[in-house]
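The structure appears right after this line, and notes come after that.
The values are calculated or read from the model by the stated rules, or taken from the named source; none is laboratory data. It should be emphasised that the depicted structure is a prediction, and the values quoted were computed from it without experimental measurement. As a convention, Cβ positions derive from the backbone with ideal geometry for all residues, glycine included, and neighbour counts pool all protein chains shown. The area values use the complete protein model at the heavy-atom level, side chains included, leaving out ligands, DNA and RNA. Shrake-Rupley method; radii C 1.70, N 1.55, O 1.52, S 1.80 Å.
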Amino acid sequence: MRRLRRTRTLRELVRETDLDPRHLVQPLFVVAGEGVREEVPSMPGIERLSISELVAEADELQAGGVGAVILFGIPASKDEAGSGAYDPEGVVQMGVRALKEAHPELVVITDVCLCEYTSHGHCGIVRDGEVDNDITIELLAKTAISQADAGADVVAPSDMMDGRVEAIRSQLDEEGHPNVAIIAYSAKYASAFYGPFRDAASSTPEFGDRRGYQMDPANALEAVREAELDLAEGADVVMVKPAMPYLDVIRRVKEETGARVGAYQVSGEYSMLKAAARQGWIEERAAVIESLTAIRRAGADLVFTYHAKEAAGWL
Ligand code: PBG
């Protein structure tokens, strides 16, 4: 077996998995204001950006070969109904317009969820201490429509309500957006690895947790079922999240559905790598490339990662 491992060119000749900037999606946090670039303390190298900075960031991403971004909004104020999520003049909607104007060919994906916009931090409308599924999906569909109206190419529901893909697909079609695609966060686990993101978006639930809607980390068959349901409801891509602790789930969803599969290397995965690298405990560049290659090898067609811009430079 060692004959084909002798030199770099021999190894590259027989390599099974390729990793290219075009497979990566850069998550970006959008805030209100002018000329704002705010460091996220728990995510070194990641900043909250106001619109002009967002466009500048997209210039750099495109120059580096990253062709897709996903936007998360941090609104100026939050309320019980998460109304900032579906405000036509909301931060994400304005960000989408600015990005598409500056870079028509950039794939602009929008996260569809209420948790960054609700005062209580849950992903939907709370009734009697629980997130109400069917009221929430109406507002999620409204959010998706407002993002599509602004020019989003793809909407990505991350809330884990039942039936949301169908609600979003049918309303997109009715409202004149038949070409807007859906990347469904189908197998989104109730994970401890979202901590730094909640810090970035100030979206930690005020009471309780998200286990009543996000998946139990112990389950894999259920992930396949979630993916199948989302595909039947009209999803174009199904996603597994987090990525590294769930490589087996990525593989199973890929094999059992044959669909396009996305994987989300989440904030906690990013921050762990950054923290260890800063301590000099791991070699950052090699560890990041290895982690992204492993996610691709497991079966992910596209990888959402906070390392996208940096990794593209290394590739
Ligand atoms: C919104 C959403 C979350 C993430 C993506 N979309 C947060 C959550 O569910 O708490 C997590 C992303 C990350 O940790 O990088 N629901």
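Evaluation of residue 223 against the conditions (1) within 15 Å of the ligand (Cβ to nearest atom); (2) out of contact with any Pro (no Cβ under 6 Å at 6 or more places or on another chain); (3) assigned to a helix (DSSP H, G or I) shows that the sole unmet condition is (1).
No other residue among 303, 261, 253 is more than 25 Å from residue 64 (Cβ to Cβ) and buried (at least 18 other Cβ atoms within 10 Å of the Cβ) apart from 253.
Counting only strands (runs of 3 or more DSSP E) that sit wholly inside region 1-96, those with at least 1 residues that are basic (Lys, Arg) and open to solvent by 50 Å² or more (accessible area, probe 1.4 Å) are 37-39. Considering 236, 230, which residue is open to solvent by less than 10 Å² (accessible area, probe 1.4 Å), farther than 27 Å from residue 63 by Cβ and modelled with pLDDT of 95 or more? Answer to the selection: 230.
Of the residues 266, 288, 238, which single one is at negative phi and touching a Lys or Arg at 6+ places or on another chain (Cβ under 7 Å)? Walk me through how you get there before you give the answer.
On the way: 288 fails: touching a Lys or Arg at 6+ places or on another chain (Cβ under 7 Å); 238 fails: touching a Lys or Arg at 6+ places or on another chain (Cβ under 7 Å).
Testing whether each residue is at negative phi and touching a Lys or Arg at 6+ places or on another chain (Cβ under 7 Å) leaves just 266.
How about region 180-208: which of its residues are charged (D, E, K, R) and within 10 Å of the ligand (Cβ to nearest atom)?
Residues satisfying the conditions are 188, 198, 199.
Selection within region 127-179: residues that are within 15 Å of the ligand (Cβ to nearest atom) and among the hydroxyl-bearing types (Ser, Thr, Tyr). The member of this set that is farthest from the chain's Cα centre (by Cα) is 136.
The helices (runs of 4 or more DSSP H) located wholly in region 247-315 that include 2 or more residues which are within 13 Å of the ligand (Cβ to nearest atom) occupy 267-278. Across region 101-139, the qualifying residues are those that are part of a helix (DSSP H, G or I) and not acidic (Asp, Glu), and the one among them that is least open to solvent (accessible area, probe 1.4 Å) is 136.
Selection of region 147-184 for residues being closer than 12 Å to residue 111 by Cα, in contact with a Gly (Cβ under 7 Å, 6 or more places away or on another chain) and not in a loop (DSSP other than H, G, I, E, B) yields 182, 183.
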